[in-house]
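Q: I'd like to ask you about the structure that follows.
The values are calculated or read from the model by the stated rules, or taken from the named source; none is laboratory data. Source: prediction; values computed, not measured. Glycine gets a Cβ as well: all are built from the backbone with ideal geometry, and neighbour counts include every protein chain shown.
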Ligand SMILES: *Cc1c(COP(=O)(O)O)cnc(C)c1O
């Protein structure tokens, strides 16, 4: 399969090139030239998610240098549970938070890391993070050969726990605390990618959420869970998905278009309401983001919207979307605990706020483990929220990081010695 830019379908790229480049030269996002179509029957007899992953992803990898590695990439990525648990007889929870850093981003980041690893070239990954992405990327790339990772995070703008998740690495991971805010971090990363000479010298690549190598594995859990649900209940579930940059939800939209048994798709945002507003007014109006309790969804210009629009041009996509306030998030966390004895994170709460009112068969998508947001969740449920074993070690591991001013020169001064040795 070949991949094209959302802005120009003439130039075709291999999957490996699309992954390496991250973004097309014209600034567009990579999409498959055409989404393949599947029959549910193709998956008969397949139950485990790593097997379903291979069957589903093979058409995207056909003809690429990575095709022969796909099976082992799937085995290495999907090596922790992704359970679909029943909340009641018509409502299930897709738990995407059992990976090493407790958020769904682990899945995309692990898959992408394994793709880069198998390309067998020296590369330097550069990412800016405001929280979850950086730790998922660090964990996914840690100790991989030939790959160095540099993570920029803003001083004093992330929680203590998030900071410990970013600074507990060594070896091939360099975390840099930037004297500035998240926008400064992103600006430095952009500048670094715009400097062709240095980009070539360090073989810079990106691991941010618009990389097609993160989006494809995210499709897998929608494929698997829709099949599991359909087999068990005999009907198509709807999905309710917390939305930020729209990567997680776009995967679900693609999967439904490719023929999997999915009924309605409902996107829930926090008070940042660009997506709900688009679906009620038909106008896409990006704006400054504001801070909410579900901070991984504090996005004012969803980066995957361009992919959504690209698909929507071919055939109009049916969707609903709602904005959930911080007050509703808190009320929902309390209510879900009282009613179902479930502790959920603030992001997952946006999905529950809508999902609890529906009556049809539905799957609510849980994007992070509640312990990552202990400070918010614990007082609401009045119960200790414990760290699960897989993410516990972040609290105790000693910290290592560098510090820079918010300038490209300062970044280069740190990259040089790190990449050389
Ligand atoms: C990143 C993130 C989201 C938003 O996902 P998008 O793919 O950006 O829409 C939601 N919840 C959590 C916990 C996240 O880390």
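Q: Only one of (1) in a helix (DSSP H, G or I); (2) at pLDDT 95 or above is not met by residue 240, so which one is it?
A: Against the list (1) in a helix (DSSP H, G or I); (2) at pLDDT 95 or above, residue 240 comes up short only on (1).
Table: residues versus (1) part of a loop (DSSP other than H, G, I, E, B); (2) within 14 Å of the ligand (Cβ to nearest atom).
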{"residue": "244", "(1), (2)": "yes, yes"}
{"residue": "248", "(1), (2)": "no, yes"}
{"residue": "261", "(1), (2)": "yes, no"}
{"residue": "285", "(1), (2)": "yes, no"}
{"residue": "290", "(1), (2)": "yes, no"}
{"residue": "316", "(1), (2)": "yes, no"}
{"residue": "321", "(1), (2)": "no, yes"}
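Q: Further question: Can you list residue pairs whose Cβ atoms sit under 6 Å apart, with the first residue in the range 363-375 being closer than 13 Å to residue 388 by Cα and in contact (Cβ under 8 Å) with a residue 12 or more places away in the chain and the second being more than 9 Å from the ligand (Cβ to nearest atom) and part of a helix (DSSP H, G or I)? Count only pairs 6 or more apart in sequence or on different chains.
A: 370/377
Q: Something else now. Those residues that are within 16 Å of the ligand (Cβ to nearest atom), modelled with pLDDT of 95 or more and in a strand (DSSP E or B), I need them from the range 76-135; list them, please.
A: 93, 94, 95
Q: Then there is this: For residue 362, only one of the following conditions fails: (1) modelled with pLDDT of 90 or more; (2) within 15 Å of the ligand (Cβ to nearest atom). What is its number?
A: The one condition residue 362 does not meet is (2).
Q: Could you identify the single residue in 237, 261, 302 that is on the phi < 0 side of the Ramachandran plot and touching a strand residue (DSSP E or B) at 6+ places or on another chain (Cβ under 6 Å)? Let's see the steps before the verdict.
A: Working: 261 fails: touching a strand residue (DSSP E or B) at 6+ places or on another chain (Cβ under 6 Å); 302 fails: touching a strand residue (DSSP E or B) at 6+ places or on another chain (Cβ under 6 Å).
Within the list 237, 261, 302, the selection yields 237.
Q: Among the helices (runs of 4 or more DSSP H) contained in the range 139-204, which hold 1 or more residues that are over 28 Å from residue 391 (Cβ atoms)? Please lay out each step first, then the result.
A: Values: elements: 160-166, 182-194, 196-202.
Filter on the range 139-204 gives 182-194, 196-202.
Q: Has the range 39-46 got at least one residue that is under 17 Å from residue 255 (Cα atoms), surrounded by fewer than 16 Cβ atoms within 10 Å (Cβ to Cβ) and touching a helix residue (DSSP H, G or I) at 6+ places or on another chain (Cβ under 8 Å)?
A: yes
Q: Report, by residue number, each residue of the range 136-166 that is within 16 Å of the ligand (Cβ to nearest atom), over 17 Å from residue 185 (Cα atoms) and modelled with pLDDT of 90 or more.
A: Of everything in the range 136-166, those that are within 16 Å of the ligand (Cβ to nearest atom), over 17 Å from residue 185 (Cα atoms) and modelled with pLDDT of 90 or more turn out to be 136, 139, 140.
Q: Give all pairs with beta carbons closer than 8 Å in which a residue from the range 284-301 that is more than 27 Å from residue 380 (Cα to Cα) and in contact (Cβ under 8 Å) with a residue 12 or more places away in the chain meets a residue that is outside any loop (DSSP other than H, G, I, E, B) and more than 11 Å from the ligand (Cβ to nearest atom); count only pairs at least 6 apart in sequence or on separate chains.
A: Once the first residue is more than 27 Å from residue 380 (Cα to Cα) and in contact (Cβ under 8 Å) with a residue 12 or more places away in the chain and sits in the range 284-301, its partners that are outside any loop (DSSP other than H, G, I, E, B) and more than 11 Å from the ligand (Cβ to nearest atom) give 284/274; 284/278; 284/309; 286/274; 287/274; 300/274; 301/274.
Q: Among (1) surrounded by fewer than 20 Cβ atoms within 10 Å (Cβ to Cβ); (2) closer than 18 Å to residue 296 by Cβ; (3) touching a strand residue (DSSP E or B) at 6+ places or on another chain (Cβ under 7 Å), where does residue 87 come up short?
A: Only one criterion is unmet by residue 87, namely (2).
Q: Next question. Across the range 18-34, what is the number of residues that are under 25 Å from residue 118 (Cα atoms) and surrounded by 15 or more Cβ atoms within 10 Å (Cβ to Cβ)?
A: Within the range 18-34, residues that are under 25 Å from residue 118 (Cα atoms) and surrounded by 15 or more Cβ atoms within 10 Å (Cβ to Cβ) number 11.
Q: Would you mind stating whether residue 374 is over 16 Å from residue 270 (Cβ atoms), within 16 Å of the ligand (Cβ to nearest atom) and surrounded by 12 or more Cβ atoms within 10 Å (Cβ to Cβ)? Break it down stepwise before answering.
A: Working: over 16 Å from residue 270 (Cβ atoms): yes; within 16 Å of the ligand (Cβ to nearest atom): yes; surrounded by 12 or more Cβ atoms within 10 Å (Cβ to Cβ): yes.
When the stated conditions are applied, residue 374 passes them.
Q: Further question on the same structure: Hey, residue 256 hits all of (1) within 10 Å of the ligand (Cβ to nearest atom); (2) in contact with a strand residue (DSSP E or B) (Cβ under 8 Å, 6 or more places away or on another chain); (3) free of Cβ contacts under 8 Å to residues at least 40 places away in the same chain but one; which does it fall short on?
A: Failed condition: (1).
Q: A follow-up question, please. Could you tell me which numbered condition residue 272 fails, if it satisfies all but one of (1) farther than 22 Å from residue 215 by Cβ; (2) within 16 Å of the ligand (Cβ to nearest atom)?
A: Only one criterion is unmet by residue 272, namely (1).
Q: Another question, if that's okay. State all residues of the range 337-359 that are closer than 17 Å to residue 373 by Cα and in contact with a strand residue (DSSP E or B) (Cβ under 9 Å, 6 or more places away or on another chain); if no residue qualifies, say none.
A: Going residue by residue through the range 337-359, those that are closer than 17 Å to residue 373 by Cα are 337, 342-352.
Within the range 337-359, 342, 344, 345, 346, 347, 348, 349, 350, 351, 352 qualify.
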